[in-house]
Amino acid sequence: MTHIKKFVFNPFQVNTYVVYDQSGECVLIDPACSDVYEEKALTDFISQHRLTPVHLLITHAHIDHILGNAFASETYGIPLAAHPDSHQYLTNAKEYALSFGLQLEKVCHPTVDLHDGQIIHFGHSQLKVLHTPGHANGSLCFYLHDEDVLISGDVLFNQSIGRTDLPGGDYDLLKKSIWEKLFVLPDHTRVLPGHGPETTIGNEKITNPFVAIG
């Protein structure tokens, strides 16, 4: 059985996820911790549960989701993995962080490329990579098939979708990503978004005011 621990980090209230199973291996997704207290919350959980992080993944490279990448990568000695199209957002990340009053000491650049359909293995579990652009270039979702859980980043939210007025945003492309990659999943699939509470694929197909098809 696979377990998922959620943390809510930084002023943007980003959902950070630790995905792990009985093997003790885990995956860190969007480690957005922005200060020593949030870093300690993450490391304490990993230590207390005797976990070994083996993958460091981001759903996309907007500033609110990348604040803890360098810390996580250096602490656990694991490279950052992202879609190649997301690299562009990191060029001016320090300056962009300052515009929001955030201090980004070090920018961690991905050294592992993720692509649509790729399978990420850890312990006895696996995550499937879904390329879902529209909110940001290189946006990814991660699907835990055996548990029917989708980690959706800022693509799909409870009763909402990712904003499309930032660089790389495209409303029509985002709708296409959601309809063709996410809404084909089972209706009971849990959706764990990058911000806010969880939902299900079935609920969003029927009631989401931006992309409902029911």
Integer Hz, Karplus 6.51/-1.76/1.60 couplings in order for the stretch 60-66, x for Gly and Pro:
6, 10, 5, 4, 5, 9, 10
Please identify the trypsin sites (Lys or Arg not before Pro) of the stretch 1-76 that satisfy two criteria: DSSP loop assignment and at most 10 other Cβ atoms within 10 Å. Which are they?
50
State the antiparallel share, in %, of DSSP beta bridges confined to the stretch 2-207, rounding to the nearest 5.
70
In nm², what is the average projected area of the convex hull enclosing the Cα atoms of the stretch 1-79?
4.7
Net charge around residue 192, counting only other residues with Cβ within less than 10 Å of its Cβ (Lys, Arg = +1; Asp, Glu = -1)?
+1
Under a Cβ-Cβ cut-off of 15 Å, what is the net charge of the residues other than residue 68 that fall near it, where Lys and Arg count +1 and Asp and Glu count -1?
-3
Under Karplus coefficients 6.51, -1.76 and 1.60, residue-wise ³J(HN,Hα) of the stretch 108-114 in Hz, glycine/proline x:
9, 9, x, 10, 10, 8, 10
Taking θ as phi - 60°, what are the ³J(HN,Hα) couplings along the stretch 150-155 by the Karplus curve (6.51, -1.76, 1.60), each to the nearest whole Hz, with x for Gly and Pro?
10, 9, 9, x, 9, 7
Rounded to whole Å and sorted largest first, list the principal axis extents of the Cα atoms in the chain.
45, 42, 27
Relative contact order in percent for the stretch 2-207 (Cα pairs under 8 Å, 6+ apart) equals 16
Which value at 222 nm does the chain reach when only helices count, each DSSP H run of 4 or more adding -39,500 (n - 2.57), with the total divided by all residues and rounded to the nearest 500 deg cm²/dmol?
-5500 deg cm²/dmol
Under a Cβ-Cβ cut-off of 13 Å, what is the net charge of the residues other than residue 52 that fall near it, where Lys and Arg count +1 and Asp and Glu count -1?
-1
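The numbers here are math on the coordinates, done by the rules we state, and not lab data. Everything numeric here is computed off the predicted structure, so don't read it as measured data. Don't worry about glycine lacking a Cβ; one is built from the backbone with ideal geometry, like all the others, and counts go over all protein chains shown.
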